[in-house]
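Down below is the structure, laid out as structure tokens.
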Amino acid sequence: MRIFALVKRIFHQMLRDKRALALMMVAPLLVLTLLNYLLSGNTVDPRLGVINADDKLLERLKDSEITIIQVEANTKDLILHKDLDGVLHFDGDDISLTLTNDQPNAAKALQIKVQQAIAAERANEQAANLSVFMEGIQSKLPEVPLKIEAAKAPEVKTSYIYGNKDTIFFDQLSPILVGFFVFFFVFLISGIALLRERTTGTLERLLATPIQRRDIVFGYLLGYGLFAVIQTIIVVTYAVKVLDITLVGSFWNVVIINLTLALVALSLGILLSSFANSEFQMMQFIPIAIIPQVFFAGIFPFESMAGWMQVLAKCMPMYYGGNALVDVMYKGLGLSDIRNDIFVLLGFSLVFILLNIVALKKYRKI
Amino acid sequence: MSSTILINKVSKRFGKKLVLNQISLTVESGQIYGLIGPSGSGKTTLVKIIVGMDSPSEGNVHVLNTPVPKLQLLQRIGYMAQADALYTDLTGEENLAFFASLFKLKKNVQQERIAYAADLVNLTADLKKKVQNYSGGMKRRLSLAVALIQDPEVLILDEPTVGIDPELRQSIWAELYRLKNEGKTILVTTHVMDEAEKCDCLAMVRDGEIITSGSPSELKKQYGITSLEEVFLKAGGKQQ
Ligand SMILES: Nc1ncnc2c1ncn2[C@@H]1O[C@H](COP(=O)(O)OP(=O)(O)O)[C@@H](O)[C@H]1O
Ligand SMILES: [Mg+2]
């Protein structure tokens, strides 16, 4: 079979190209590890300066993991000098909160915590007042055996459908990243390999032999596909076993999803390489064809996208891949739930494969 | 019909540019046929059309009585492109083995052919080296070996001796004669006049047209000159 001749050659070349091999097998692990530590690092307790706050409230603030520093004024100089994240100022009935806001996310979180603490403290005071009031009434009406439970701030019991109270952003993000890295590196390696074959003239030479155009495409898919299988297994195993990324569903379903993603990346990579004349031009496809994929893979919620953005998202293979990966790894769903995503991905690759076979007509009409 | 390559009124345009203009020529079986002309005259374009890598804008081509393009025909044509198209990260032997398997040669035949072709171009000692460590001449010779790998009936060689030293050039021509005596038909392009002398039949190409053709001695007689170079100038001048 001519396809196997091609596969064998690709193996020879890949095994000799240590850089490409490392890029495919090791680079995703490095990036995943970095992100894992960056995103799951312990957050530092915010530092809040307070003026005239009462002790009960301070207790409550400390309970919600805020470091309290007593200050005299809330001037900008002082806030910056003492490296505070904000200052809470009680002036009679007026409460003012000044936030440094150098990191808007952290500032929002601090603001919410402070508001909750104040609200809870107020509710407590009112509850105390109320029970004093009730006791007063009861002492005046002793024959009425009215008993009122001392009002308490309600305790909310939280339970989770997916994940648990320790779930962090990285748990939801990591399935998407695992898929994206497989997609990205397979795209890069296969696209550049075929590009090299075009620019050195070997593709044309290949087509001067009785090989069918489709055999070239399938040879490439199979040859690089086998490396994608190895890459997928390494990346997923590493993510789950070493980085301890949440995997609720089946390992093999993750492998299946990543392989279909790799198939799309392969066929897209070799297709786009026919529109590039150099490695640099191949790189120029990355911001256009690859980076946007990650935005639509589930990092930003689909529901909150504008209508036309939702349409765009549905044109992106990574949207389906990310969806399926989150379903399996985070939500623990099974094969029947991700079936449609898999079919759409297979559809993408079928279209790209057919376009590839047609695109080779540029070199030989038959 | 014993003619191996039959080119019938072939024209080729790239956009508006006419690169080949109504080319007709016949290569008889067992001939060494030379296409000679300066670079840019359209030799490579014509050769690619004969192999089926490009299609003519007008006219048609038959090789071995089969209309081009045809996939099965490529099994019987050995093609050496003008630019070396080799996998530089593989060894010479791996290159030969790869192309041999594309022609579906059996394992033992494959070994034989690799040994034969490598010996022919004097590369046997360098087969285990990676092609990226080859000199320009060695790459040229490996390309020729690739063209011979499936033992084709027709050889189409685009400037086969460019960058090869005179001694090896001699031995390659000697081998082309030997192949010719085996009954193979060979079409070579060249821009070197002294190689034209070695062909059985010549076509002189300029600006996409055949300005004259015939055997070297016929041409010299026709123009009453002893050097082919002068024939070329004279025939070319007559056209204008
Ligand atoms: N793909 C192409 N597109 C446009 N012009 C081309 C193409 N290939 C060749 N040409 C032009 O056709 C002419 C003949 O080229 P070529 O056949 O390579 O000549 P030769 O092999 O005799 O040196 C040249 O002027 C070249 O610029
Ligand atoms: Mg040329």
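The values are calculated or read from the model by the stated rules, or taken from the named source; none is laboratory data. None of the values given here were measured: they were computed from a predicted structure. Cβ: placed from backbone, ideal geometry, glycine included. Neighbour counts: every protein chain shown. Surface accessibility is based on the protein's heavy atoms, side chains included, excluding ligands, DNA and RNA. Shrake-Rupley method; radii C 1.70, N 1.55, O 1.52, S 1.80 Å.
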Odd one out for A:Asn36, checked against (1) assigned to a helix (DSSP H, G or I); (2) free of Cβ contacts under 8 Å to residues at least 60 places away in the same chain; (3) more than 14 Å from chain B (Cβ to nearest Cβ); (4) not aliphatic (A, V, I, L, M): (2)
Residue list for segment B:25-41, filter: more than 25 Å from A:Thr209 (Cα to Cα) and either more than 16 Å from ligand 2 (Cβ to nearest atom) or not hydroxyl-bearing (Ser, Thr, Tyr) (or both): B:Ile36, B:Gly37, B:Pro38, B:Gly40
Output for segment B:130-149, where each listed residue is crowded, with 19+ Cβ neighbours inside 10 Å and hydroxyl-bearing (Ser, Thr, Tyr): B:Tyr134, B:Ser143
Residues within segment B:45-69 that are open to solvent by less than 30 Å² (accessible area, probe 1.4 Å), within 11 Å of chain A (Cβ to nearest Cβ) and not aliphatic (A, V, I, L, M), tallied: 1
Out of B:Ile149, B:Ile156, sole residue that is of a type in the set (A, V, I, L, M), closer than 23 Å to A:Thr209 by Cα, within 16 Å of ligand 1 (Cβ to nearest atom) and at pLDDT 90 or above: B:Ile156
Condition check for B:Gly30: away from ligand 1 (no atom under 16 Å from the Cβ) and either more than 19 Å from B:Val68 (Cα to Cα) or touching a residue at least 12 places away in the same chain (Cβ under 8 Å) (or both): yes
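So, of the residues in segment A:144-159 that are modelled with pLDDT under 70 and open to solvent by 80 Å² or more (accessible area, probe 1.4 Å), which turns out to be nearest to the chain's Cα centre (by Cα)?
Restricting to residues being modelled with pLDDT under 70 and open to solvent by 80 Å² or more (accessible area, probe 1.4 Å), the top hit is A:Pro154.
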Qualifying residue in segment A:42-59 (condition: within 14 Å of chain B (Cβ to nearest Cβ) and farther than 30 Å from A:Leu243 by Cα): no
Qualifying position, being out of contact with any strand residue (DSSP E or B) (no Cβ under 8 Å at 6 or more places or on another chain) and under 20 Å from B:Phe99 (Cβ atoms), among B:Glu175, B:Glu159, B:Glu153: B:Glu175
Any hit, segment A:83-90, residues being open to solvent by less than 60 Å² (accessible area, probe 1.4 Å) and part of a helix (DSSP H, G or I): no
Residue in segment B:171-198 that is nearest to B:Phe232 (Cα to Cα), counting only those that are within 16 Å of ligand 1 (Cβ to nearest atom) and open to solvent by less than 30 Å² (accessible area, probe 1.4 Å): B:Ala196
Flag if B:Gly92 is closer than 20 Å to A:Tyr363 by Cβ and surrounded by 19 or more Cβ atoms within 10 Å (Cβ to Cβ): no
Inter-residue pairs, beta-carbon under 8 Å, first in contact (Cβ under 8 Å) with a residue 40 or more places away in the chain and assigned by TED's automatic domain parsing to the domain that holds A:Leu221 and in segment A:5-31, second part of a loop (DSSP other than H, G, I, E, B) and open to solvent by 70 Å² or more (accessible area, probe 1.4 Å), 6+ apart: none
Positions within segment B:91-110 being more than 11 Å from chain A (Cβ to nearest Cβ) and β-branched (Val, Ile, Thr), in sequence order: B:Val109
Test: residue in segment A:197-218 that is among the acidic types (Asp, Glu), within 12 Å of chain B (Cβ to nearest Cβ) and closer than 17 Å to A:Asp17 by Cβ: yes
Breaking point among (1) modelled with pLDDT under 90; (2) within 30 Å of A:Lys365 (Cα to Cα); (3) of a type outside the set (Gly, Ala, Ser), for A:Tyr162: (2)
Residues of segment B:181-240 satisfying the condition of being small (Gly, Ala, Ser), free of Cβ contacts under 8 Å to residues at least 40 places away in the same chain and not in a helix (DSSP H, G or I): B:Gly214, B:Ser215, B:Gly224, B:Ser227
Residues that are modelled with pLDDT of 90 or more and open to solvent by 30 Å² or more (accessible area, probe 1.4 Å), drawn from segment A:321-332: A:Asn323
Test result for B:Gly42, open to solvent by less than 20 Å² (accessible area, probe 1.4 Å) and more than 11 Å from chain A (Cβ to nearest Cβ): yes
Cβ-Cβ under 9 Å pairs, at least 6 apart or on other chains, segment A:303-318 side of a type in the set (D, E, K, R), far side surrounded by fewer than 15 Cβ atoms within 10 Å (Cβ to Cβ) and part of a helix (DSSP H, G or I): A:Glu303/A:Gln310
Matching residues, segment A:349-366, being open to solvent by 80 Å² or more (accessible area, probe 1.4 Å) and either within 14 Å of chain B (Cβ to nearest Cβ) or charged (D, E, K, R) (or both): A:Lys361, A:Lys362, A:Lys365
Test: A:Ile192 is assigned to a helix (DSSP H, G or I), open to solvent by less than 10 Å² (accessible area, probe 1.4 Å), hydrophobic (A, V, I, L, M, F, W, C) and within 14 Å of chain B (Cβ to nearest Cβ): no
